[in-house]
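Enquirer: Okay, here's the structure, questions in a sec.
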Amino acid sequence: MTDRPTYAFAVPATLAVAVATIFMLTAARTVVFIDSGEFSTVAWTLGIPHPTGYPLYTMLSWIAAHLPLPAEPVFMLNLLSSAFSVAAVVLMYGFLHNLVLTRLAAPAKPTPATRNRGFAPAAGACFGAATLAFSGTFWSGSTAAEVYPLHALFLVVLCRLFVGAFMPEGTIRGARAVPEGRKAVLFAFTVGLSFTNHLSTLYLAPALLFTYFRIHGTSRWSVRTLVRLTPAFLLGLTPYLFLPIRASSAPIMNWGNTVGWEAIIRHLSGRQYSVWIFSSAGTAVRQLGYFFSHLGAEFFYLPLACALWGMKVLFTRDRTLFYFFLLLFAGCLFFAVNYDINDIDSYFLLAYTAVAAAAGIGAYSLFSSFSRTIRKVAVAVAILFLALQVTMRFPEVDQSDLRVVEQYTRSILGSVEEGSVVLSYQWDYFVSASYYLQIVEGFRPDVVVVDKELLRRSWYLGYLRQRFPRIMERAEGAAAAYLTELRKFENSLPYDPAVIEAKYARFIAALLGAGEAGHSYVTAEIEPQYTSGYLRIPHGLTFRLVRPGNDPEWKEVPVVIDSPPPVNRYITGITMLAARAELNNALYLEREGRNPEAEKAARRALSIRPDLGEAGTLLGRLGK
């Protein structure tokens, strides 16, 4: 294969530059939805994020956030995600290129396949890697601070290491082929390391175990070989030591307060999420339906045809690889569809990686069978397809100008009095971003943002005591009574749910009454039973809580946020919240007989969401 070097550097280098450029163009410049604000704050403060702790990502992101470069920390962290994703794409190219050359290359005889050996493996590998790069979930993940880009990188690395260590070229099923020692040790270490980034590394297990035992048999020797790799695997898990060590110094972001075995195990295992795992057959059916209904759009369809062809090729030429990729796909689906969460897309990453790999193998098979003339046409078609895919998907994933989350959060924080309490559980839109703005940027750190659902965790009360000691001192009696009952629940002791809920409600009431000068606010989703005894007065994006008999004066707090195209459910959700907040203002003003001001608020609601029919109806009633 003397012509292999012709493509060995040029193709992956060109691919890396192209993907890196596109990913940097679409990377977010500030905080965005879901966990972006939390992870960015954890990185800056070297804290501990939500379960399962993600210690490897935390340490790497701390380094990135503190690089001496003229950029905001959150932008540096968003670029770190892009860098992980680019690395995954380049390594995917290398994995497929090596796989084709060592296990699937055509026999040496004068055919188009042998004449194009240098070209076809490179073209197929490039197509497979680009298929992964520009798939919807993978590309979206590259734009913001998250653990999934690093997870995707680990998935590709582990597949490559496994094939190199346990599937040497020429391996025959059932033969006692000795795994390559150093590669096997490196693989075991990397598996452990990958777990310290994300527990869904487990999704690889069906494919890895089945393939290993298919090749090496189920003898004592093959089992002992795996057991001997245990020390390397355990060494890879050592980043988990970060959690108790760092928690003992009480960082400001100290989710779970992982000091002591009980707290550590609870955090590492994600016990609070266990109720959503394998919860019902209905969940599995729903999530599976979601996956297949979105699979075509995920890849723009053409790569799926190549993937099916690639699986046919594998079935014919290398049955072991066929089962390997099939189980990567099926194993991922088995675990992921049994997880009952809305943000499920990233849990399908392994399945998407398997599809992209099969598409690359299918493309290789097709390219290797073409004559030189047809090959040029095929290359042009592939390039045009990828260009079309990038062009059409760009607006969907582009977050470079997405500032609506920052605007939304600044609007809430900036609209309230000093020392006010704001009760919310808008984690995806407000609470997570508030950490970054308050702690890292220092914007309105006096505002006491309380996550209603996190109050159900004992460690969160410690966080509130550390950040807002004066507020917690005023609510200490209710906090202590509630904490006593809450610890019974957390430690699996006998407890009365009604007692816990009652003391939980009293503690919330105490917090709402503990704001400076009694100033307290709630966002719209907070249930009425937690604000009994108060009037709710619309106040920008929140409601101001006022005791009956006190001055219920309405204050104009215009909601000023962008109205980006509703390309995903998060943009749809936040813009609808903002528009409805303005509608609430308009409805309140209408009841007060202040029609000109009601009209202004209704028009602001429509400027955010022109499809908000209730605002149009209100304008009709006002004769406008």
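The values are calculated or read from the model by the stated rules, or taken from the named source; none is laboratory data. Keep in mind the model is a prediction, meaning the values are calculated, not measured. Quick reminder, even Gly has a Cβ in these numbers, built from the backbone with ideal geometry, and neighbours come from all protein chains shown. We work out accessible area using only protein heavy atoms, side chains counted, and drop any ligands, DNA or RNA first. Shrake-Rupley method; radii C 1.70, N 1.55, O 1.52, S 1.80 Å.
Enquirer: In whole Å, what three semi-axes, largest first, describe the equivalent ellipsoid of the stretch 258-399 built from its Cα gyration tensor (square root of 5 times each eigenvalue)? Let's see the in-between values first.
Expert: On the way: eigenvalues 267, 72, 40 Å².
After diagonalising the Cα gyration tensor, the semi-axes are 37, 19, 14 Å.
Enquirer: Related question: Which one of Thr542, Ile439, Ala133 has its Cα pushed farthest toward the positive end of the charge dipole of the chain, where Lys and Arg give +1 and Asp and Glu give -1 at the Cβ?
Expert: Ala133
Enquirer: Okay, next question. Putting +1 on Lys and Arg Cβ atoms and -1 on Asp and Glu Cβ atoms, find which of Ala517, Leu461, Tyr339 reaches farthest to the positive end of the dipole of the chain.
Expert: So the residue furthest toward the plus end is Tyr339.
Enquirer: Could you run the Debye sum over the Cα atoms of the stretch 184-226, one equal point scatterer each and no solvent, and tell me log10 of I(q)/I(0) at q = 0.15, 0.26, 0.27, 0.29 Å⁻¹, two decimals?
Expert: Each listed q corresponds, in turn, to -0.42, -0.98, -1.01, -1.05.
Enquirer: With the crude spin-label approximation of a point 7 Å out along Cα→Cβ, what separation in nm comes out for Arg603 versus Ser492?
Expert: 6.3 nm
Enquirer: Using modelled backbone amide H atoms (1.01 Å from N, in-plane), which distant-in-sequence or interchain residues come within less than 5 Å of His539's amide H?
Expert: Arg544
Enquirer: So how do 598-610, 256-268 stack up, highest first, on mean other-Cβ count within 10 Å?
Expert: Values: 598-610: 20.4, 256-268: 18.0.
Top of the packing list down: 598-610, 256-268.
Enquirer: Give the long-range amide H neighbours of Val422: residues separated by 5 or more places, or on another chain, with amide H under 5 Å away, using H modelled in the peptide plane at 1.01 Å from N.
Expert: Counting only residues 5 or more places away or on other chains, the set is Val448, Val449, Val450, Tyr521.
Enquirer: Which ³J(HN,Hα) values in Hz, rounded to whole numbers, follow from the phi angles of the stretch 303-308 under the Karplus curve 6.51 cos²θ - 1.76 cosθ + 1.60, where θ = phi - 60° and Gly and Pro get x?
Expert: x, 5, 5, 5, 5, 4
Enquirer: Please give the per residue accessible area of the chain, computed with a probe of 1.4 Å over protein heavy atoms only, in Å². Intermediate values should be presented prior to the final figure.
Expert: Numbers: 25840 Å² over 624 residues.
That works out to 41 Å² for each residue.
Enquirer: Tell me, what does the Kirkwood hydrodynamic radius of the stretch 471-514 come to in angstroms if you use every pair of distinct C-alpha atoms?
Expert: Working: mean 1/r = 0.0956 Å⁻¹.
For the stretch 471-514, inverting the mean 1/r across all distinct Cα pairs yields 10.5 Å.
Enquirer: Summing -39500 (n - 2.57) over the DSSP H runs of n ≥ 4 in the chain and dividing by its residue number, what mean residue ellipticity at 222 nm do you reach, to the nearest 500 deg cm²/dmol? Provide the component values of the computation, followed by the final result.
Expert: Numbers: 29 runs with 379 residues, N = 624.
Dividing the helical sum by the residues of the chain leaves -19500 deg cm²/dmol.
Enquirer: Another question about this same structure. Got a number for carbon plus sulfur as a percent of the stretch 274-430's accessible area, 1.4 Å probe?
Expert: Roughly 67 percent of what the probe reaches on the stretch 274-430 is carbon or sulfur.
Enquirer: Which FRET efficiency, nearest 0.05, do Leu388 and Arg286 yield, Cβ-Cβ r, R0 35 Å? Don't jump to the answer; show the numbers that get you there.
Expert: Values: r = 32 Å, r/R0 = 0.90.
After rounding, the FRET efficiency stands at 0.65.
Enquirer: Could I ask something else about it? How big is the dipole moment of the stretch 276-392 about its Cα centre under a simple scheme where the beta carbon of each Lys and Arg is +1, that of each Asp and Glu is -1, and everything else is neutral? Debye, nearest 20, please. Walk me through the intermediate numbers first.
Expert: Details: 7 positive and 5 negative charges, 138 e Å.
Dipole of the stretch 276-392, to the nearest 20 debye: 660 debye.
Enquirer: Stokes-Einstein at 10 °C, 1.306 mPa s, Kirkwood radius from Cα pairs: D for the stretch 534-624 in µm² s⁻¹?
Expert: Details: Rh = 13.5 Å.
The calculation lands on 118 µm²/s.
Enquirer: Where nothing but the Cβ of Lys and Arg (+1) and of Asp and Glu (-1) is charged, how large is the charge dipole of the chain around its Cα centre, in debye to the nearest 20?
Expert: Working: 54 positive and 44 negative charges, 545 e Å.
Rounded to the nearest 20 debye, it is 2620 debye.
Enquirer: Assigning unit charges at the beta carbon (Lys, Arg +1; Asp, Glu -1) and nothing else, what dipole magnitude in debye, to the nearest 20, does the stretch 533-606 show about its Cα centre? Display every interim value, and only then the final one.
Expert: Working: 11 positive and 9 negative charges, 45 e Å.
The calculated dipole for the stretch 533-606 is roughly 220 debye.
Enquirer: Peptides 339-352, 473-486: what's the order by average Cβ count within 10 Å, highest mean first? It would help to have the intermediate numbers written out before the result.
Expert: Working: 339-352: 19.1, 473-486: 17.1.
For the peptides 339-352, 473-486, the packing ranking is 339-352, 473-486.
Enquirer: Specify which residue in the list Ile471, Tyr482, Val450 is farthest towards the positive end of the charge dipole of the stretch 446-503, using unit charges on the beta carbon of Lys, Arg (+1) and Asp, Glu (-1), about the Cα centre.
Expert: In the stretch 446-503, that residue is Ile471.
Enquirer: Kindly write out, for the stretch 597-610 in residue order, the coupling ³J(HN,Hα) from the Karplus curve 6.51 cos²θ - 1.76 cosθ + 1.60 (θ = phi - 60°), rounded to whole Hz, with x marking Gly and Pro.
Expert: Ordered by residue, 3J(HN,Hα) equals 6, 5, 4, 4, 5, 5, 5, 5, 4, 5, 5, 7, 9, x Hz.
Enquirer: What is the spin-label model distance, in nm, from Ala71 to Arg220 if the labels are put 7 Å beyond Cα along the C-beta direction?
Expert: With each label placed 7 Å out from Cα toward Cβ, I get 5.7 nm.
Enquirer: A further question on this structure: Sort 202-209, 186-193 by the packing proxy (mean of other Cβ within 10 Å over each peptide's residues), most packed first.
Expert: Working: 202-209: 17.6, 186-193: 21.1.
By packing density, highest mean first, the sequence is 186-193, 202-209.
Enquirer: Where in the stretch 228-242 does the label zone of Met59 land, with the point 7 angstrom along Cα→C-beta and an amide N cut-off under 20 Å?
Expert: From the stretch 228-242, the list is 230-242.
Enquirer: Oh, and also: Bin by bin, in steps of 10 Å, what percent of the Cα pairs in the stretch 437-588 do you find, going until the bin that has the longest distance?
Expert: 10, 32, 34, 20, 5, 0
Enquirer: Using a simple spin-label model with points 7 Å from Cα along the Cα→Cβ vector, what separation in nm is obtained for Ser371 and Arg594?
Expert: 8.0 nm
Enquirer: Find, to one decimal place in angstroms, the Kirkwood hydrodynamic radius of the stretch 483-550, where the mean of 1/r is taken over every pair of different Cα atoms and then inverted. Walk me through the numbers on the way to the answer.
Expert: Working: mean 1/r = 0.0741 Å⁻¹.
About 13.5 Å for the stretch 483-550.
Enquirer: Hey, another quick one. Collect residues whose amide H, placed 1.01 Å from N in the peptide plane, falls under 5 Å from the amide H of Met253; neighbours closer than 5 in sequence don't count.
Expert: Amide H neighbours of Met253: Ile48.
Enquirer: Residue by residue through the stretch 403-411, what is 3J(HN,Hα) from phi via Karplus (6.51 cos²θ - 1.76 cosθ + 1.60, θ = phi - 60°)? Round to whole Hz and write x for glycine and proline.
Expert: Residue by residue, the stretch 403-411 yields 10, 5, 5, 4, 4, 4, 5, 4, 5 Hz.
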